[in-house]
Amino acid sequence: MFITALPPKNSLAPILPQDLFEAIQALKQKLNAIILAHYYQDPDIQDVADYIGDSLELSRKAANTKADVIVFAGVHFMAETAKILNPDKLVLLPDLNAGCSLADTCPPDAFAAFKAAHPGHLVVSYINCSAEIKAMSDIICTSSNAVKIVRQIPEDQPIIFAPDRNLGRYVMEQTGRDLVIWQGACIVHENFSEKKIVQLKIEHPEAEIIAHPECEPPILRHASYIGSTTALLKYSQQSPNQAFIVATEPGIIHQMQKQAPDKHFIAAPPMSSCACNECPYMRLNTLDKLYLAMKNRTPEITLPEEIRVAALRPIQRMLEMSA
Ligand code: 13P
Ligand code: SF4
């Protein structure tokens, strides 16, 4: 039997990049959609987005949008948070495989047992976790409000902090609180090479090292400023320094460079010579997948209603506590 090769549903052959930008703009109007993008996305996705931000800002934007469709250019837990906040809206993620290594380190069954082993503890979970973990949590936090949120919890209240051990350790140092920490980590932020960063600093003594709190302690010790992606971006604009070694996913450098074209930004190097300081999950999203998601109104984020309702409460607490 001879089968004529039809153009696959996901074929983009006739569409050139400029047409793609225009086609996405047209779909945005047609769907009444908003495109939210994290700083770790490819530069062309950042350039087509309506709003670029860190996890907290993107959650706030998702909570307040009047759009009918949210196209989330980020990873699964971010789009899932948008869906938790907007059960009646269509939430699209260009590639459903865009997960998160850190979220994966915290499986729900093991976390339920961990929680049961620490009765009386309040559970503060970093937003980089699944909806099931959020549903077992009392308050969600992000890298930009974790310290602020823990400081608002009464001194005598024991706390579990999950799932990132590096952020947990950083919050302990900043608040002086004794947290029970789930031992999860991110493959990107655990992969920076202290040796190569020190070498870079020797080659560029004028450059300031700035880092995300998901990095390991030896990297954070070399940093003159530690913060979320938005905080790093703002710091790099406001600092009188002209050069920076940036220890987080290098997608953020696109905005740093755009907002300060005369400054010099150097991506902190990973241990090996791979491109593994780029988040392999974030980078699964591409401009053509984003276009196809809007055109086909899929892949869509869905989740069981009882999980959504249980996960909503700690997210709302976070939004109230970081207002
Ligand atoms: P932000 O809170 O800076 O957006 O960090 C998100 C993230 O995934 C870091 O790896
Ligand atoms: Fe997850 Fe790490 Fe990627 Fe952030 S950089 S989304 S924590 S895998």
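The values are calculated or read from the model by the stated rules, or taken from the named source; none is laboratory data. Everything numeric in this text was worked out from a predicted model, so none of it was measured. Quick reminder, even Gly has a Cβ in these numbers, built from the backbone with ideal geometry, and neighbours come from all protein chains shown.
Keeping to the stretch 39-65, report how many residues are within 15 Å of the chain's Cα centre (by Cα) and assigned to a helix (DSSP H, G or I). So the answer is 10. Evaluating N32 against the criteria (1) on the phi < 0 side of the Ramachandran plot; (2) over 15 Å from the mean Cα position of the chain (by Cα) leaves one unmet condition, (1).
In the stretch 112-134, of all residues being out of contact with any Asp or Glu (no Cβ under 8 Å at 6 or more places or on another chain) and part of a helix (DSSP H, G or I), the one that is farthest from L179 (Cα to Cα) corresponds to E132. Taking the stretch 214-268, which residues are out of contact with any helix residue (DSSP H, G or I) (no Cβ under 6 Å at 6 or more places or on another chain), more than 23 Å from A146 (Cα to Cα) and surrounded by fewer than 17 Cβ atoms within 10 Å (Cβ to Cβ)? Answer for the stretch 214-268, where residues must be out of contact with any helix residue (DSSP H, G or I) (no Cβ under 6 Å at 6 or more places or on another chain), more than 23 Å from A146 (Cα to Cα) and surrounded by fewer than 17 Cβ atoms within 10 Å (Cβ to Cβ): S239, P240, N241, Q242, A243, Q257, K258, P261, D262, K263, H264. Cβ separations smaller than 6 Å between residues 6+ apart or across chains give the following pairs from the stretch 267-290 residues that are of a type in the set (D, E) to residues that are surrounded by fewer than 20 Cβ atoms within 10 Å (Cβ to Cβ): D288/L12.
Only residues that are buried (at least 23 other Cβ atoms within 10 Å of the Cβ) and hydroxyl-bearing (S, T, Y) were counted across the stretch 143-177, and they come to 1. Confirm whether E173 is within 13 Å of ligand 2 (Cβ to nearest atom) and either part of a loop (DSSP other than H, G, I, E, B) or of a type outside the set (K, R) (or both). No; evaluated as a whole, the condition is false for this residue. For the stretch 23-48, the set of residues classified as of a type in the set (S, T, N, Q) and within 17 Å of Q259 (Cα to Cα) consists of Q41, Q46, listed by residue number.
In a residue-by-residue description of the stretch 197-204, the property of being of a type in the set (D, E), more than 15 Å from the chain's Cα centre (by Cα), away from ligand 2 (no atom under 16 Å from the Cβ) and surrounded by fewer than 16 Cβ atoms within 10 Å (Cβ to Cβ) applies to at least one position.
Restricting the stretch 278-290 to residues that are surrounded by 21 or more Cβ atoms within 10 Å (Cβ to Cβ) and within 16 Å of ligand 1 (Cβ to nearest atom), the residue that is farthest from N166 (Cα to Cα) is N285. Condition check for C186 on (1) within 25 Å of G251 (Cα to Cα); (2) more than 13 Å from ligand 1 (Cβ to nearest atom): one failure, at (2).
All of (1) away from ligand 1 (no atom under 11 Å from the Cβ); (2) under 15 Å from the mean Cα position of the chain (by Cα); (3) surrounded by 24 or more Cβ atoms within 10 Å (Cβ to Cβ) hold for L92 with one exception: (2). Summed over the stretch 66-85, residues that are part of a loop (DSSP other than H, G, I, E, B) and buried (at least 20 other Cβ atoms within 10 Å of the Cβ) total 2.
When C106 is tested against (1) within 16 Å of ligand 1 (Cβ to nearest atom); (2) surrounded by fewer than 19 Cβ atoms within 10 Å (Cβ to Cβ), just one condition goes unmet, and that condition is (2).
Filtered by the rule that a residue be away from ligand 1 (no atom under 16 Å from the Cβ) and at pLDDT below 95, the stretch 237-271 gives P269, M271.
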